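Presented below is the structure to which this report refers.
We did not get these values from a lab; they are worked out from the coordinates using the rules stated. Quick caveat: nothing in here was measured; it's all calculated off a predicted structure. With ideal geometry, Cβ positions are generated from the backbone for all residues, glycine too; neighbour counts draw on all protein chains shown.
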Amino acid sequence: MYVDAHIHLYDEEFDEDREEVLQNALNNDVELILSVSEDYESSIKNLDILRIYRPRYKIYLGLGIHPYTAIYNPGDLTKMVELISQYHDTIISIGEVGLDRKYSDADKYWDRQVEAFEKMIQLSIEYFKPLNIHSRRAAKDVLTLLRKYDVRLAYFHWYTDDIETLKEIVDEGYYVGFTPALLTSKRIQKYTDVVPLTQVFTESDGPVRYYGPLNKSRGEPKHIPLIINKIAELYEEDVEEVTIVIRENFKRLFRLQYG
Ligand SMILES: [Zn+2]
């Protein structure tokens with residue numbers, strides 16, 4: 001049983017064939033799927049998706065405000081705080097949240113990003129829900145805020161920053177995600193030297209598109225076994241063992257009970 005710890009199931013790219021994507025996931029033994037949100041609208045859509053598909057598929061939800069939303073649609077913050085408070089029993093994660101220094105207005109609206117992320121951190125602590133974190137070119141800044149609030153439950157999705165900061169992240173006990181980019185990027189493959197398998201997650205970040213074996217196709221849960229095989233190769237472990245460890249990681253961080 002495989003894990004997709006970060007996907008945007010609400011995305012319109014899945015509108016035509018969402019059911020098929022979920023069925024293909026199951027056919028490939030990808031059973032635990034965590035769909036994250038980026039703003040108020042995507043959160044509402046994710047909640048609808050949960051209602052429709054939940055009995056048949058093991059979908060779990062993250063609600064949160066993405067740094068992009070924090071910059072360009074700051075009015076969503078108040079609504080998201082209310083929504084998370086209302087649905088804290090329904091969700092297992094606060095995400096996708098974090099900081100980003102790459103957007104052209106990132107520095108100009110840095111205080112908006114920090115305000116939104118700090119609010120999300122506070123909700124994470126209040127409701128005991130792990131953070132699902134976006135940290136592009138801002139992992140150090142993210143780490144500083146996590147330490148400020150003494151956050152224990154955090155997952156760095158698709159980490160792409162420097163290896164020194166990654167070591168600090170791992171030392172804090174936070175989790176780190178690998179996407180299909182692991183199949184092709186030598187730089188990302190190097191991260192496996194410093195992240196213990198017991199702190200690894202697999203994720204598609206669908207519908208993001210990937211080069212290499214995926215041939216620019218949309219990332220989906222069905223690709224998780226490819227990532228697992230690559231992880232097994234890089235860590236020199238059995239595929240079976242890797243699968244079990246990552247499933248246990250998911251269960252440990254998100255405190256899930258299942259058979
Ligand atoms: Zn994402």
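Using Cα springs under 10 Å in a Gaussian network model of the chain, which residue among Gly177, Gly212, Gly64 shows the largest mean-square fluctuation?
Ranking Gly177, Gly212, Gly64 by mean-square fluctuation puts Gly212 first.
In the range 129-259, what percentage of the DSSP-assigned beta bridges are antiparallel, given to the nearest 5?
20 percent
Count the lysine pairs in the range 112-210 that are 8 or more places apart or on different chains: how many have C-alpha atoms under 19 angstrom apart?
10
May I ask you to list the GluC sites (Glu not before Pro) in the range 188-259 that are in a DSSP loop and have at most 11 other Cβ atoms within 10 Å of their Cβ?
Glu236
Measuring from centroid to centroid over Cα atoms, what is the spacing of the range 213-251 and the range 153-195 in Å?
What the calculation gives is 14 Å, centre to centre.
Could you list the trypsin sites (Lys or Arg not before Pro) in the range 26-125 that lie in coil according to DSSP, counting only those with at most 12 other Cβ atoms within 10 Å of their Cβ?
Arg56, Lys102, Lys108
Between Tyr175, Tyr210, Tyr53, find the one with the highest GNM mean-square fluctuation for the chain; connect C-alpha pairs within less than 10 Å.
Among Tyr175, Tyr210, Tyr53, the largest mean-square fluctuation in the Gaussian network model of the chain belongs to Tyr53.
Considering only DSSP beta bridges whose two residues both sit in the chain, what percent are antiparallel, to the nearest 5?
10 percent
Please identify, among Ser85, Ser204, Ser43, the residue showing maximal mean-square fluctuation in a Gaussian network model of the chain using a 10 angstrom Cα cutoff.
Ser85
If you wrap the range 2-254's Cα atoms in a convex hull and average its projection over all directions, what's the area in nm²?
12.3 nm²
When we measure straight from the Cα of Lys102, which aspartates and glutamates land under 16 angstrom away, once same-chain ones fewer than 8 places off are left out?
Partners found: Asp111, Asp141, Asp161, Asp162.
Roughly how many nanometres apart are two label points built 7 Å out from the Cα toward the Cβ at Thr198 and Asn24?
3.6 nm
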